[in-house]
Amino acid sequence: MHFQLGKMKKLNLLPLFFIACLMFVFSCSSPKILYDYDKEVKFDSYKTYDFYPEMFLYLNQLDSSRIIKHVENIMILKGFIKSSAPDIYVNIASDQFETPVKNSLGIGIGTGGRNIGMGVSGGIPITSKTITQLFKVDLIDVANDVLIWNANYEGRFKIRITPEAKNEYFRMTFEKIFSGYPPK
């Protein structure tokens, strides 16, 4: 891609195009996770878990089941055993909302010269609508009824997604969330 300025010199627009593409990629949002925990707690003393009796997963039954399955797998990998008399409760709350499209590609046509100008431009959306999901995961010491660890997650996925892709999204989401447990 070259542009000739009169008879002066060639202006190579390829580096500018590459920089613009990089800025677009890095401006897209990535999942955000915030952790908090009680620094006095000895996390290795907890061996058993169960889910909090009244969780508020404001999702359909299929998505709720997917999440429970993934969290159970993660807890097993972390060395926990599910128990009716647990050391900790896992409490998961969720919320979601549709995210408006913010990115667009601008296309313009213009002429000008000698104090006369004219231009036409427009925007073409370059992303499809997405769902923003918020998950709050609490680990509660059952014996003392106190919160010992907390993670807050915000992420996005496309509205039109297959069941397989949604299952994979939830698996990766909860692996990311629990990557901060136990705190280091």
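The values are calculated or read from the model by the stated rules, or taken from the named source; none is laboratory data. Please read all numbers here as calculations on a predicted model, not as lab measurements. FYI the Cβ positions are ideal-geometry reconstructions off the backbone, even for glycines, and counts take in every protein chain you see.
Here are a few things to note about the model shown:
- Top-ranked residue of segment 59-71 - restricted to ones that are of a type outside the set (Lys, Arg) and surrounded by 12 or more Cβ atoms within 10 Å (Cβ to Cβ), ranked as nearest to PRO182 (Cα to Cα): VAL71
- All positions within segment 41-57 that are in a loop (DSSP other than H, G, I, E, B) and loosely packed, with under 12 Cβ neighbours inside 10 Å: LYS42, PRO53, GLU54
- Test: residue in segment 85-102 that is hydroxyl-bearing (Ser, Thr, Tyr), outside any strand (DSSP E or B) and modelled with pLDDT of 85 or more: no
- Residue count for segment 141-184 satisfying the condition of being assigned to a loop (DSSP other than H, G, I, E, B) and surrounded by 14 or more Cβ atoms within 10 Å (Cβ to Cβ): 5.
- Remark: pairs (first residue in segment 137-165, farther than 13 Å from ILE33 by Cα; second residue aliphatic (A, V, I, L, M) and modelled with pLDDT under 95; Cβ separation under 6 Å; 6+ apart in sequence or on different chains) = PHE157/ILE131; ILE159/ILE131.
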